[in-house]
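Read through the structure below, which is laid out as structure tokens, and then see the notes.
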Amino acid sequence: MNIYNLTRDEMEEYFINLGSRKFHADQLFSWLYEKRISSVSEITNIKKELLEQIVSDYSFSKLKLIQVEKDVDVCKYLFELDDCEHIEAVLMRHDYGNSVCISSQVGCNMGCKFCESGRRKKVRNLETWEMVTQLLMIEEELAERVSHVVVMGIGEPFDNYDNLLKFLSIINHPKGLAIGARHITVSTCGIVPKILEFSNFPLQINLAISLHAPNDELRNQIMPINKAYPLKELIQAIEIYLEKTNRRITFEYILLAGVNDTKECALELVDLVGHLNCYVNLIPYNETNNLEFRRSSTVQIMKFYDILKKNRLGVTIRKEFGSKISAACGQLRSKKEEL
Ligand code: SAH
């Protein structure tokens, strides 16, 4: 077990089970997340015997950072895991702060046709510590705070649900990384039972849905998950989520030339989501050499945007980062592993 797997509650429980006192959880959390120790020997306020016990129960290791690529407003991090797999995370500098996109799995089973990461089947889930230490190591490398987190890297976070929730609770905890829930976004391709479960999660985390098509016929073609959870069920689950959480939801919609970027698609999209408290984030497609999809022209993107706007949908076009340094969506790992 790794110490960065533990939520604050689990850490308290650990100390209580040892017959010790739960305030040690406060101390240890503070060493890990405020003082950011790089070795256990730096801990000064926990008794030697107890510390020895902790060290024999838990590893304090972090991920291995093996490559960093930097551009003006974006940095790409390639990590090696203990089993020699690779994952990536991306830091983006916005005017409102530093945002990090983290991975949740090695590979992904969702099989979206346009996605580079999905070309490699899921090997395994990331453990909580492997998600948490992506952030710790990036902050350390940058010597700057990360203010926003998006779980939009490699993997489907709702296919690694339990570890995801622990990760969210650790990075949000005031004694942990203290990243505000409203500054955290989880993106899913639409696993309906987990959307429903997530509506009961007490933190006010943002939820984004990768929609990418306004009807079942098209969505079945590009996102196999739609066959398991078609749009009617997805939209129903989102309605329940919105009612329970009183929040707003984001729909992500990649514009793929000649596939889903027509006027008809835009109007269908308005019909599909126009009644929801939502906004649509239009994403210019990051082309990859390995896949045949092409990005829509800027003119086409603007036309699509205008239709949504005219129909009173909240809509934004995603700012692009990192196409120069292969930061786009799974490309660095692919390059590294020559997949
Ligand atoms: N599995 C989750 C999160 C990871 S993908 C999900 O599906 O939401 C994060 C986002 O990047 C998704 O909206 C995904 O559809 C999108 N994406 C994947 N490949 C892309 C590409 N080449 N260009 C632009 N966006 C892409």
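The values are calculated or read from the model by the stated rules, or taken from the named source; none is laboratory data. Note that the structure is predicted; figures quoted are calculated from it, not measured. All Cβ positions, even for glycine, are placed from backbone atoms using ideal geometry, and neighbour counts span all protein chains on display.
Whether any residue in the stretch 235-246 is within 18 Å of VAL270 (Cβ to Cβ), in contact with a Lys or Arg (Cβ under 9 Å, 6 or more places away or on another chain) and not β-branched (Val, Ile, Thr) is what I want to check.
yes
Just the residues that are touching an Asp or Glu at 6+ places or on another chain (Cβ under 8 Å) and either under 19 Å from ILE66 (Cβ atoms) or modelled with pLDDT under 90 (or both), please, taken from the stretch 287-317. Before the answer, list the steps.
Of the residues in the stretch 287-317, the ones touching an Asp or Glu at 6+ places or on another chain (Cβ under 8 Å) are 288, 290-291, 293-296, 300-301, 304.
Within the stretch 287-317, THR288, ASN290, LEU291 qualify.
Might you let me know whether the stretch 59-78 holds any residue that is among the hydroxyl-bearing types (Ser, Thr, Tyr), buried (at least 19 other Cβ atoms within 10 Å of the Cβ), part of a helix (DSSP H, G or I) and touching a residue at least 40 places away in the same chain (Cβ under 8 Å)?
Scanning the stretch 59-78, I find no residue that is among the hydroxyl-bearing types (Ser, Thr, Tyr), buried (at least 19 other Cβ atoms within 10 Å of the Cβ), part of a helix (DSSP H, G or I) and touching a residue at least 40 places away in the same chain (Cβ under 8 Å), so the answer is no.
Looking at SER147, SER104, SER61 in this structure, which one is polar (S, T, N, Q) and within 16 Å of the ligand (Cβ to nearest atom)?
Working: SER147 fails: within 16 Å of the ligand (Cβ to nearest atom); SER61 fails: within 16 Å of the ligand (Cβ to nearest atom).
None of the other options fit; the residue is SER104.
May I ask you to list the residues in the stretch 65-92 that are under 20 Å from the mean Cα position of the chain (by Cα) and farther than 17 Å from GLY153 by Cβ?
ASP73
Any idea how many residues of the stretch 259-283 are within 16 Å of the ligand (Cβ to nearest atom), within 16 Å of ILE209 (Cβ to Cβ) and outside any strand (DSSP E or B)?
Adding up the residues that qualify gives 3.
Quick one: is ASN220 assigned to a helix (DSSP H, G or I) and surrounded by fewer than 17 Cβ atoms within 10 Å (Cβ to Cβ)? Write out each step before concluding.
Working: assigned to a helix (DSSP H, G or I): yes; surrounded by fewer than 17 Cβ atoms within 10 Å (Cβ to Cβ): yes.
For ASN220, the condition - assigned to a helix (DSSP H, G or I) and surrounded by fewer than 17 Cβ atoms within 10 Å (Cβ to Cβ) - is met.
Which one of these is away from the ligand (no atom under 16 Å from the Cβ), modelled with pLDDT under 95, over 24 Å from ALA181 (Cβ atoms) and surrounded by fewer than 16 Cβ atoms within 10 Å (Cβ to Cβ): SER41, SER56?
Numbers: SER56 fails: modelled with pLDDT under 95.
Being away from the ligand (no atom under 16 Å from the Cβ), modelled with pLDDT under 95, over 24 Å from ALA181 (Cβ atoms) and surrounded by fewer than 16 Cβ atoms within 10 Å (Cβ to Cβ) holds for just one of SER41, SER56, which is SER41.
Confirm whether GLU49 is more than 16 Å from the ligand (Cβ to nearest atom) and within 16 Å of MET137 (Cβ to Cβ). Please lay out each step first, then the result.
Values: more than 16 Å from the ligand (Cβ to nearest atom): yes; within 16 Å of MET137 (Cβ to Cβ): no.
Criteria not met by GLU49.
Filter the stretch 111-144 for residues that are modelled with pLDDT under 95, away from the ligand (no atom under 16 Å from the Cβ) and in a loop (DSSP other than H, G, I, E, B) and give the result.
ALA143, GLU144, listed by residue number.
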